[in-house]
Amino acid sequence: MSKATVSLDSYQLAQYAVQVPCYICEGGNNHDAELCRYCQAPMALAHQARAQKVHPQMIATIGTADAGKTVYLGMLTDMLSRQAKNLHLTARGAFSVSLQQHTIASLSRCRFPAKTPNEPDRWNWVHCQVRMDGRRQPAELIMPDLAGEAILEEIDHPGTYPVIKAFLSRCVGLMLLVDSARLEEGENDQDFFTMKIVTYLTEMHRQQPTGKKGRKPAPLPAVSIVFTKADHCDESFEDPAAYARRRTPGLFQLCKEQLPRHEFFAACVVGAYTYRWELETKVQVPLRIEPRGIIPPFAWLMQQLPKT
Ligand SMILES: Nc1nc2c(ncn2[C@@H]2O[C@H](COP(=O)(O)OP(=O)(O)OP(=O)(O)O)[C@@H](O)[C@H]2O)c(=O)[nH]1
Ligand SMILES: [Mg+2]
Ligand SMILES: [Zn+2]
């Protein structure tokens, strides 16, 4: 009678019995899942966080569609990864370099990067370490590039994008981008949209369970409000708070009443631009890359972060 050796795969089944919590929404996932089955955030974030002692803090960059989030975040991460002193960023994991790589590659071909798709599995997530002067320990941060349409959809219809709610409820700092090109065109939708975002945040924070008896609720995140595309309005660089009072009075007042830690900034990535027609669509073309005011909103936010 012949004998056959059959290897037992039961050890593999044992691995599936242990669930790995998603770093963003804390939902349990199989150990080999690439994306969280509940919120579609990359599970690499959870694996990296488990492998190190310090737990990354979350920083959100939010604003309407077209506000300039991708361009701003891509330029910010690129500048910080090249800057050697004061504030320096090191990407954690190859996927954390994609945003910077795509943004800079597009700009150097005289194009702006493409619109961020609405599907969470196609967003770029930056997991990085930031070293700062005056702090012994570097900060570990997670900063995704969210799609503006998805942000507003979640605010109007809560539950549409669970990843956005989970992320915003846990973030310690926020960069709220306001499109100053639209403000200069005389549109006031930026004022309404950004007021909606601030109200959503403060409401969500109020509804959060305060935890065990005696434990204080987490403080509201620090918020830097950034007027993007400020090449359209030099005056916003001179006094961003005065510009906010004039151009976005609703947002200015709401921040004053509701956000104990906030500051206004102006930033732009290009110094000159033109337009070209592509398939009957007018497309903006960056001519000169001349970043201004990119680092201050982030540097201010870093000073507000709790020390880990
Ligand atoms: N003049 C000028 N235009 C800019 C600047 N930054 C972005 N833009 C314009 O704004 C557009 C949108 O920028 P994005 O960074 O893709 O905007 P977004 O907020 O990521 O938009 P979604 O991905 O739809 O959420 C770009 O295609 C440019 O036309 C800037 O600094 N100056
Ligand atoms: Mg984008
Ligand atoms: Zn999740």
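The values are calculated or read from the model by the stated rules, or taken from the named source; none is laboratory data. What you are looking at is a predicted structure, and each value in this text was computed from that prediction instead of being measured. Methodologically, a virtual Cβ is constructed for each residue, glycine included, from the backbone with ideal geometry; neighbour enumeration extends over all protein chains shown. Note: accessible area is taken over every heavy atom of the protein model, side chains too, but ligands, DNA and RNA are not part of it. Shrake-Rupley method; radii C 1.70, N 1.55, O 1.52, S 1.80 Å.
Net charge within 10 Å of ALA267 by Cβ-Cβ distance, Lys/Arg positive one each and Asp/Glu negative one each, not counting ALA267 itself?
Summing Lys and Arg as +1 and Asp and Glu as -1 gives +1.
From Cα pairs below 8 angstrom and at least 6 apart in sequence, can you work out the relative contact order of the chain, rounded to a whole percent?
Reported as a whole number, the value is 17 percent.
Over the stretch 140-200, what relative contact order in percent results from Cα pairs under 8 Å that are six or more residues apart? Intermediate values should be presented prior to the final figure.
Values: 23 pairs, mean separation 15.4, N = 61.
Relative contact order, the stretch 140-200: 25 percent.
Can you find, among TYR243, ALA41, MET58, the residue sitting farthest towards the positive end of the charge dipole of the chain, where Lys and Arg contribute +1 and Asp and Glu -1 at Cβ?
The residue sitting most towards the positive pole is MET58.
Where both partners of a DSSP beta bridge lie in the chain, what percent of those bridges are antiparallel, to the nearest 5?
The antiparallel fraction comes to roughly 55 percent.
State which stretch of the chain is the longest one without any exposed GluC sites (Glu not before Pro), exposure meaning a DSSP loop state and at most 16 other Cβ atoms within 10 Å.
Longest site-free region, per DSSP loop and neighbour criteria: 35-184.
Once you place label points 7 Å from the Cα toward the Cβ at ALA51 and ALA65, how far apart are they in nm?
In this crude spin-label approximation the distance works out to 3.7 nm.
Can you give the accessible area per residue of the chain, in Å², using a 1.4 Å probe?
For the chain, the solvent-accessible area averages 52 Å² per residue.
Using only the alpha-carbon atoms, how far is helix 69-82 inclined from the longest principal axis of the chain? Give it as 0 to 90 degrees, nearest 10.
With both axes taken from Cα atoms, the answer is about 80 degrees.
Please list, in order, the residues from the stretch 73-111 whose amide nitrogen is less than 20 Å from a point placed 7 Å along the Cα→Cβ vector of ALA299.
Output list for this probe position: 73-91.
Within the stretch 107-184, which trypsin sites (Lys or Arg not before Pro) sit in a loop by DSSP and count at most 12 neighbouring Cβ atoms inside 10 Å?
Those that pass, being in a loop and sparsely packed, are ARG109, LYS115, ARG136.
Given the rule -39500 (n - 2.57) for each run of at least 4 DSSP H residues, summed and divided by the residues of the chain, what is its mean residue ellipticity at 222 nm, to the nearest 500 deg cm²/dmol? Each step should come with its number before you reach the end.
Values: 12 runs with 115 residues, N = 308.
One gets -11000 deg cm²/dmol as the mean residue ellipticity at 222 nm.
Leaving ligands, DNA and RNA out of it, rank LYS307, LYS229 by accessible area with a 1.4 Å probe, largest first.
Details: LYS307 155, LYS229 55 Å².
Correct descending sequence by accessible area is LYS307, LYS229.
Report the label-to-label distance for ASP32 and GLU119 in nanometres (one decimal), using points 7 Å from each Cα along the Cα→Cβ vector.
Label-label distance for ASP32 and GLU119, simple model: 2.2 nm.
Could you give the nm distance between label points at ARG288 and ASN86, where each point is 7 Å from its Cα heading toward the beta carbon?
Each label point is offset 7 Å from its Cα along the Cβ direction, giving 2.2 nm.
Long-range amide H contacts for GLN57: which residues qualify at under 5 Å (H placed 1.01 Å from N, peptide plane, sequence gap of 5 or more or a different chain)?
Residues meeting the criterion, in which the H sits 1.01 Å from N, are GLU140, LEU141, ILE142.
With everything on Cα atoms, drop me the angle between helix 249-258 and the longest principal axis of the chain, reported from 0 to 90° to the nearest 10.
50 degrees
Given a Förster distance of 51 Å, report the FRET efficiency between GLU203 and ARG276 from their Cβ-Cβ distance, rounded to the nearest 0.05.
0.75
Within the accessible area of the chain, what % is carbon and sulfur when the probe is 1.4 Å and the other protein chains stay in place? Intermediate values should be presented prior to the final figure.
Working: 8320 of 16110 Å².
Heavy-atom surface of the chain belonging to carbon and sulfur, 1.4 Å probe: 52 percent.
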